Amino acid sequence: MSGALPALILMTSLAPAVITFFLAQESHRLRNMLNLGGAVLKLVLIVAMLLSVAGGATHEATLPLAPGLVMLLRVDALALLFVSLSAVLWLLTTIYAIAYFGTKAEASRFFGFFSLCVAATTGLAMSGSLISFFLFFELLTLATWPLVAHKQDKPSLRAARQYLAYALPGSAALLWAIIWLESATGPVLFTDPPDLSALEPASLRAIFALFIIGVGVKAALLPLHGWLPAAMAAPAPVSALLHAVAVVKAGAFGAVRVIHDVFGAETVAALGVGMPLAVLASATILWGSIRALQQDEIKKRLAFSTVSQVSYIVLGAALGSPAAMIGGLAHLVHQGLMKITLFFCAGIYDERAGVRRIDGLNGLGARMPWTSACFSLGSMGMIGLPPLAGFVSKWHLGLGGLQAGAPWVVAVLVASTLLNAAYFLPLLYRLWFLPAATDARGNEAAPGLVVPAVVTAVASLGVGLLAASAVSPLGWARLIVERGYFPGVGT
Amino acid sequence: MSALVQGSLWPLLVLVWPLLLGLVPLLPAGGRLALRVLPLAPLPALGFALAGAPGTVRVPDLLLDVQLGAGLTGMPGGALLIGMVAMVWAVAGWQAALSMAPGPQTGILAGFWCLTLAGNLGVLMAGDAVTFYVAFAAVSLAAWFLVVHDRTAAALHAGRVYIILAVLGEAALLAGLILAAQAAGSTGIGAMRAALTEGATPALALMVAGFGIKAGMMPLHVWLPLAHPAAPVPGSAVLSGAIVKAGLAGMLVFLPPGTAMAALVLVLGLTGAYGAALWGLAQGNIKAALAWSTISQMGLMLALAATGAGAAAVAWALHHGLAKGALFLAVGVVAAARSPRQRLATLALAGAIAASVAGLPPTGGALMKAAAKGAASPGLALAITASGTTTALILVWVITLLARGKAAPEPSWPLMVAGLALLGGLALGLPWALASARPGLDPGYLLTPAALAEALLPLAVGLVLFVLLRRLLPLSLPWQPRLPRLTALRRPPLAGRRLRRPGLSRSSLSRSCLRYLPADGFLRHWPAAGSLMALTVLVMVALLMHA
């Protein structure tokens, strides 16, 4: 039991953030070294922690902020799942961002907030109490704003404003829920679920709803998803991080924490709020896909696809059956890998070929084969074609839906598969089969951009192909569920 | 910690080898080599089948615990089907290597050819639902590249129809497998079949739809007559000879006889058996006519599978796969003949194979048909006998079209005809060899006068009908199913511009709120504020470490 490791891990992102702010725009080398060094160091520390947590150890550090307000960093298996994902993708996105921004203006500001954003995500993942979760949740909200507004043009500023307009009321709802709950139960630690008997069921339902509104804004749950497609005005590395790890995942992760560590699956079922949330998540899945079909801009289509896919995680948590939970948690990682691949590729198409709209993709496969192959893998994973990662999530979610007595979930999954095929396959067809425009240009001679995409694409194939092994995200999700949420369940 | 691979390596090699060869086009000089290695891809499978498909293997870490082995599927005669599929792929690969001109697309074709082959074999060996689904997806979706290889408008149209149906089939199958796996509480194929026997009609219905699309079951057959003419000749041969059998294998593995869905498959199978053969008469394109003949034959196999005559269905599939693969290849071989004599010889060979499909004694086809009738219920046996008439009709038409085809002489004709002869010879002879190897079955009865009469009568009726029909009807009705273009899906009418930006951004409330947010100008200089924020957290964490 040591407190140093979680704090050190947090430091690896925080320290570069603070230093980067004070670096001159010109000191590219130092800035890059700092950020890459932090990311690599973090990865090393996390591997060390993975080994000890797999062996059953927990790490925690507490800091009483004020009487009744305890800041607690505590690393359990679920926290590690999210922390490892964010650490791996942070490293890759940093490499990508360095290549993407090159010597563009305001790089120090960008990388500073970028690292801060990752630090917030890490802290949020490792939070062991509601109040520390809230602190990092808010830090994330604020640290993301300058990233979305980074280009400082009209659409970016508009998107950033819209982001705040959604996020701040969401935070208010979250804070309200926390205060309401803790006023009755005292500080809530995720390790020992609060005694909820002091509250009326009606109050509990209201608190649950407030929690879901709070995290639902970030998870882009219907009807709180409007900011996400707008935020695609941000630079490609930001979109990649936003859609794969940082913000939307923080929301989905929060939903898992609220359902399973604050209320507990049984209470959620007893209150009768699990199924409505599952229905809402399903509606989001379908609505996001239908809206994605209508988009002509690549990033917008991907953004609506995120709206849809992140709800898989919420659906898995809300259904409350072991297999659904496993599927949802595995999808936390799977969706991250696949979606970051897609956004990396969308960024490459934009940067290297000037292509932002779908019709510009025609014939790009021949000129940018690596990028296009990665894009194809990511898309096929999203559709859920085996043996890619998305299939593994879908399989477990389907089984979990049946376990939870909700066979309609299978229909939702099938409909989502078909819709995903309908909005991704035409893109692949354009890439590989349609002739290129006569004035088409572009190449992919930018290893800093292409290599991260290849790594994540291969990873999204690998985690599907080796899903049953103990070290895969699915294996880890199983460990979390069997150890923590549904002890004694063999799935 | 369990071993990485448990059991025999044989079944694994059968699948891994074609997958490895599928990577050849990625090698620096792989483009030229890619087609040449195609005949080698199914060789481990062939050896595996000849050895009786021994052994099972389990790879616990792969996918969701992969289990492979012909014995795990519960399908009768799995080794026979594996051998047939391998043989058809090998000879078709041989012809592809001989006849196809290298071009920019050959690498793509070769790679996906191998992937399709691995999927095709995987379907016949999968011991768990997930492996089965992965294999089925591979054989279904990768085959799309065989269909669109020529990139003509017709090929792309056929490809569109094919991919829509294939994706629908995959989705239905996924849902069906999930339902069945949950009902069984296991992903083992044996347990799932047991659960399906006890009823679980929704799961079965979804699976039947998925398999039906692949097997060309009416009314889900529409892709076949489009895809076969569009694909290159070796591609059509594997589509009709081997790939559609994946759907049949699915039915054999999962569909319990005696259920309502089995009855439905029986009815649809027989409808296809007769309807498709007659519809094929309206085709002027040889490969389209052959495709309709495949739909018709698949209908009979589905009917057999649905009534529990699994072994008979497998025997039929064995013969049909070899024969129909050969007939498709013959389209290319006849055209490649370098002299009228060679052309006539090829036509004669094709005629003999067609006669075997129709069941003319003493071909292997006739023996197989007699065995199937013995295994089938009396009603179905009668239907099979009568189907000889329609089969004869369509195949005579096929041979007529084959004889009319244009000549395109190629120097490699002797090598091509050797492959064709091998495949055709197996179709004609293999049923006899298998029958003589099995005690208790006396092939001699086929040559008794009564049996001969029963076999010959429907064929004679078919021939007479053919002559009459040709006098009475113009035999070319152009027919193509039209599906909406995929792009038409892009903007459903319900969501027009009004819905483009839903949510808060349009509401005046949020706008007026935002107007008073002086955040913009201030936050643009945020590095200072940001670092302050970061510093606060940093101090907090430092304290935390200290505590």
**OP:** Quantify how strongly other chains surround peptide B:155-165 by giving the mean number of their Cβ atoms within 10 Å of each of its Cβ atoms.
**Re:** 1
**OP:** Place a label point 7 angstrom from the Cα of B:Thr271 along the Cα-to-Cβ direction, then list the residues of region B:359-401 whose backbone nitrogen is under 19 Å away.
**Re:** B:380, B:383-384, B:387
Original post:
Tell me, what is the percent relative contact order of chain A, built from C-alpha pairs under 8 Å that lie six or more residues apart?
Top reply: 14
Original post:
In deg cm²/dmol, rounded to 500, what helix-only [θ] at 222 nm does the protein assembly as shown give when every DSSP H run of at least 4 residues adds -39500 (n - 2.57) and the total is split over its residues?
Top reply: -23500 deg cm²/dmol
**OP:** Can you figure out the FRET efficiency of B:Ala154 with A:Glu106, using R₀ = 51 Å and their beta-carbon distance, to the nearest 0.05?
**Re:** 0.40
Original post:
Highest mean first, what order results for A:267-273, B:72-78, A:9-15 on Cβ atoms within 10 Å?
Top reply: A:9-15, B:72-78, A:267-273
Subject >> Shape call, region B:1-155: gyration tensor on alpha carbons, a/c limit 1.5 >> reply: prolate
Subject >> Phi-based couplings in Hz for region B:57-62 (Karplus 6.51, -1.76, 1.60; Gly and Pro marked x) >> reply: 9, 10, 10, x, 8, 7
**OP:** Return the distance in nm (one decimal) between the two label points of a simple spin-label model at A:Asn443 and A:Val471, each offset 7 Å from Cα along Cα→Cβ.
**Re:** 3.7
Original post:
What ranking of A:Ser203, A:Ser472, A:Ser308 emerges when the number of other C-beta atoms within 10 Å of each C-beta is taken as an exposure proxy, fewest first?
Top reply: A:Ser203, A:Ser472, A:Ser308
Subject >> Cα gyration tensor shape for region B:48-139, rounded if a/c is under 1.5, else prolate or oblate >> reply: oblate
Original post:
Once label points are set 7 Å from the Cα along Cα→Cβ at both B:Leu278 and A:Ala172, what is their separation, rounded to one decimal in nm?
Top reply: 7.3
Subject >> Average other protein chain Cβ within 10 Å of Cβ, residues A:413-426 >> reply: 4
Original post:
Do you know the relative contact order of region A:196-321, to the nearest whole percent, from alpha carbon pairs under 8 angstrom that are 6+ apart?
Top reply: 31
Original post:
FRET efficiency for B:Leu465 and B:Thr201, Cβ-Cβ distance as r, R0 = 35 Å, nearest 0.05?
Top reply: 0.30
Original post:
For the pair A:Ala4 and A:Leu69, what calculated FRET efficiency results from E = 1/(1 + (r/R0)^6), where r is the Cβ-Cβ distance and R0 = 30 Å, to the nearest 0.05?
Top reply: 0.85
Original post:
Reachable lysines from B:Lys406, Cα under 26 Å, same-chain residues fewer than 8 places away excluded?
Top reply: B:Lys287, B:Lys324
**OP:** For each of A:Phe391, A:Phe433, count neighbouring Cβ atoms within 10 Å of the residue's Cβ, then give the residues from fewest to most.
**Re:** A:Phe433, A:Phe391
Original post:
Per residue of B:174-180, how many C-beta atoms from partner chains lie within 10 Å of its own C-beta, taken as a mean?
Top reply: 6
**OP:** Any chance you could give the angle, 0 to 90 degrees and rounded to 10, that helix A:369-383 forms with the longest Cα principal axis of chain A?
**Re:** 30
Subject >> Nearby lysines by direct alpha-carbon distance to A:Lys249 (threshold 23 angstrom, same-chain neighbours under 8 apart not counted) >> reply: A:Lys42, A:Lys218, A:Lys299, A:Lys300, A:Lys339, A:Lys394
Subject >> In nm, spacing of pseudo-spin labels at B:Val16 and A:Val451 (7 Å Cα→C-beta vector) >> reply: 3.0
Original post:
Which of the peptides B:87-99, B:305-317 is most tightly packed, and how do the rest follow, judged by the mean count of other Cβ atoms within 10 Å per residue?
Top reply: B:87-99, B:305-317
Original post:
Taking neighbour counts of Cβ atoms within 10 Å as a proxy for exposure, in what order, fewest first, do A:Arg356, A:Arg430 appear?
Top reply: A:Arg356, A:Arg430
Original post:
Could the peptides A:48-58, A:221-231, B:278-288 be put in order, highest first, of the mean number of other beta-carbon atoms found within 10 Å of their residues?
Top reply: A:221-231, B:278-288, A:48-58
Original post:
Using the alpha-carbon atoms, what tilt in degrees (0 to 90, nearest 10) does helix A:322-353 show relative to the longest principal axis of chain A?
Top reply: 30
**OP:** Taking every pair of alpha-carbon atoms in region A:427-491, give the share separated by more than 14 Å as a whole percent.
**Re:** 74
**OP:** For B:Leu33 and B:Ala3, calculate 0.36 nm times their separation in residues minus their Cα-Cα distance, and state this gained length in nm to one decimal.
**Re:** 7.2 nm
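Each reported figure results from applying straightforward, stated rules to the coordinates on display, with no laboratory input. The shown structure was predicted, so the numbers you read here are calculated from the model rather than taken from an experiment. Note that each Cβ is placed from the backbone with ideal geometry, even for glycine, and that neighbours are counted across all protein chains shown.
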